[in-house]
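Worksheet: the structure to be examined is printed underneath.
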Amino acid sequence: MSLTPETEEAVRGVVRDLQDAFNAKDADALGAVYARDATWTNVMGMRADGREAIAEAARKVFPVLADQFVRYEVLRMSPVRPDVIVVNVLQHPVTESGEPVEGAKGAPLYVISAEEDGWKISAGVNVLVGGPAGK
């Protein structure tokens, strides 16, 4: 099954909105990219269920991550159905202005689906990358 250009752009837009919300440390904007009943597991294995809980978790952790910024690189989009796309992302550490820096990379996996209120992340998990990623 292939993606339509409209679906690919919508899914990339969700990833871009997530990146922008993280970099702005805007918990409400971050929560808005998730479906109402989404689930998210962070790199430490802590899970939050539901848009509000995900936003609240971000609100709590953003002060600790105040000087951390990311750039998300979409590596692969795999359609499960026309309205459900699995997305592999590589998370690069960058400066606030977007310049690459040394640091831990992540490899989030997102399930992005067409919801009543637009394309949203339904499920996600992040893992640390210890070596070359994206292969």
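So for Arg81, Arg36, fewest C-beta neighbours within 10 Å to most, what's the order?
Working: Arg81 9, Arg36 13.
With the sparsest Cβ surroundings first, the list reads Arg81, Arg36.
Sorted by mean Cβ packing within 10 Å, highest first, what order do the peptides 66-75, 43-52, 93-102, 15-24 take? Intermediate values should be presented prior to the final figure.
On the way: 66-75: 15.2, 43-52: 13.6, 93-102: 10.3, 15-24: 17.6.
The most tightly packed comes first, giving 15-24, 66-75, 43-52, 93-102.
Please identify which residues in region 99-119 have an amide N closer than 11 Å to a label point set 7 Å out from the Cα of Leu65, following the Cα→Cβ vector.
106
Below 8 Å, C-alpha to C-alpha, sequence gap of six or more: please give me the relative contact order for region 48-135 in percent.
Details: 142 pairs, mean separation 18.1, N = 88.
Relative CO of region 48-135 lands at 21 percent.
At 0.36 nm per residue, and after removing the present C-alpha to C-alpha distance, how many nm does the segment from Asp28 to Glu56 gain when stretched out fully? Show your work: numbers first, answer last.
Values: separation 28, 0.36 × 28 = 10.08 nm, distance 0.84 nm.
Full-extension gain reported as 9.2 nm.
P(r) tail for the chain, what percent of Cα pairs lie past 26 Å? All intermediate terms of the calculation are to be shown ahead of the outcome.
Values: 1571 of 9045 pairs.
So the pairs more than 26 Å apart make up 17 percent of the total in the chain.
Any read-out appearing in this document is the output of simple, stated calculations on the displayed coordinates, not a laboratory observation. Because the structure is a prediction, the values reported are computed rather than measured. Don't worry about glycine lacking a Cβ; one is built from the backbone with ideal geometry, like all the others, and counts go over all protein chains shown.
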